[in-house]
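The values are calculated or read from the model by the stated rules, or taken from the named source; none is laboratory data. Bear in mind the structure is a predicted one, so any value in this text is a computation, not a measurement. Reconstructed Cβ throughout: ideal geometry from the backbone, glycine too, with neighbour counts over all protein chains shown.
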Amino acid sequence: MRKSAKDDQNRLYSNQDLKKLLVPLVFEQLLALLVGLADTLMIAGVSEAAVSGVSLVDTINILIINVFTAFGTGGAVIAGHYLGKKNEENACRAGWQVLLFSLVSSLVVTVAFILFHNGILQLIIGKVEADVMDNAKSYLVVTAVSFVPLAVYNACAGLFRTMGDSKTTLLISLFMNILNVIGNAVLIYGAGIGTLGAAISTTFSRSVAAVIIFVMMFDNRRAIHFRGQVTWRFRPEMLKKILYIGLPNSLENSLFQLGKILTISMISTMGTYAIAANAVCNTIASFNVLPGSAINSGIVAIVSVCIGAGEIQQARYYTKKLMKLAQLGVMIMSALIVLGSGWVVGFYHLSPQADSLARQVLIYHAVLAMLFWILSFSLPNAFRAAGDVVMPMAVAIGSMWVFRLGFAYFLGIHLEWGLFGVWIAMTIDWVFRAVCFVVRFKGHRWERKMIGGKA
């Protein structure tokens, strides 16, 4: 059916609105990845053990970060529903509730990680070489302090995106990255404190960013703001709605990351060269899917408002449109990585064995990402924005543990395919997810969750 001019006029978001939201999101995602890239590249100049230690801890940190990102997403979705209903007062209340919950819970996690970092590392990453473990301990203790500011930043950033303002978060992210790079240069090379310097720099830059965005949330000219909302009491009914979205998403993300950590434990038995190659591949592969990761935030922000406004067809329309843009972006990035994998990997100064393995894995990942990544990881964000959170969680957890983890052991350890077998298992997981989510999207249950009073 051909789209009419009237259809265009009734759209909640014009192409210009989408451009204003999505372009800064892409650049913000790029800058966020540069924090990890700056740490890895600068640490690479210290030693291969330092790179391995940082990469192992980053895997643990991502587990925690994803949990708080999920809660932030829950708050953004509920706030978006209220904005769609033109109820700005409750949108503000939802925003403060997710901020308060993120603040309290992240403080608890920070204290636990600092007190029990030895046990956590031994439990999760197992036995590694002594110098790798020493670097991991230093990095974990310091970066654990950044959990609180990261939780605050993610909660506020999600609200800014729900309001359609991703330019502000881009500028804050840019400032944060500049601070981080300067800090790395001074502490790693100037002060000569290696891994510890990278951790201090990262924690400081994240803390500054959190303070800035938190203060900006008190501007009452914004559709969602904290002015007049400050209270240390939780609103049970509102928090229940937020956690309805946030808890399954958090459980999904945490178990997904835990599965990845267990996979890392397998890789740690393959030697330092495999750990280093995997660390480099994880960093570069993040750039491979960067457009999709950025647009995922846009899908949550836009679809939640559409659902709140009762515009189901527009929710479908924007989901398809944004996925096409994400697919195009991932295809371009994949082509660039295939062509330049050797040149990029060379920056890390890996051993010949690790260098060759990293190049093979990156090319394989790039090709498969073009085919399945968007359907696996972008499409379910539309479900979450509509309040359909249980099905994506069940599929993600089941697929992770059966396909990604199970096949990683079978291919990587049993068949002795090593690191390459582990990455093949990951893409088997993608294919299963893609099939399940496409079938779900073609139906109508996901779009009626919130309307049915479930969220």
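A few remarks follow.
- Scan of the range 207-236 for residues that are closer than 20 Å to F175 by Cα and in a helix (DSSP H, G or I), ordered by number: S207, V208, A209, A210, V211, I212, I213, F214, V215, M216
- Residue satisfying all of: in the range 3-59; acidic (D, E) and closer than 23 Å to L290 by Cβ; modelled with the lowest pLDDT among these: D39
Table: residues versus (1) among the β-branched types (V, I, T); (2) surrounded by 18 or more Cβ atoms within 10 Å (Cβ to Cβ); (3) assigned to a helix (DSSP H, G or I).
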residue: V104; (1), (2), (3): yes, no, yes
residue: N135; (1), (2), (3): no, yes, yes
residue: V142; (1), (2), (3): yes, yes, yes
residue: L170; (1), (2), (3): no, yes, yes
residue: F175; (1), (2), (3): no, no, yes
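- Tally, over the range 210-231, of residues that are in contact (Cβ under 8 Å) with a residue 12 or more places away in the chain and of a type in the set (S, T, N, Q): 2
- Residues within the range 374-419 that are more than 30 Å from G80 (Cα to Cα) and in a helix (DSSP H, G or I), tallied: 16
- D355 fulfils the conditions (1) surrounded by fewer than 23 Cβ atoms within 10 Å (Cβ to Cβ); (2) at pLDDT 90 or above; (3) within 22 Å of F287 (Cβ to Cβ) except for a single criterion, (2).
- Within the set Q327, Q313, the sole residue that is assigned to a helix (DSSP H, G or I), free of Cβ contacts under 8 Å to residues at least 24 places away in the same chain and either more than 20 Å from Y13 (Cα to Cα) or polar (S, T, N, Q) (or both) turns out to be Q313.
- Test: S334 is farther than 30 Å from S14 by Cα, among the polar types (S, T, N, Q), surrounded by fewer than 24 Cβ atoms within 10 Å (Cβ to Cβ) and out of contact with any Phe, Trp or Tyr (no Cβ under 7 Å at 6 or more places or on another chain): no
- Selection from the range 330-353 of residues that are among the aliphatic types (A, V, I, L, M) and touching a residue at least 60 places away in the same chain (Cβ under 8 Å): V344, V345, L350
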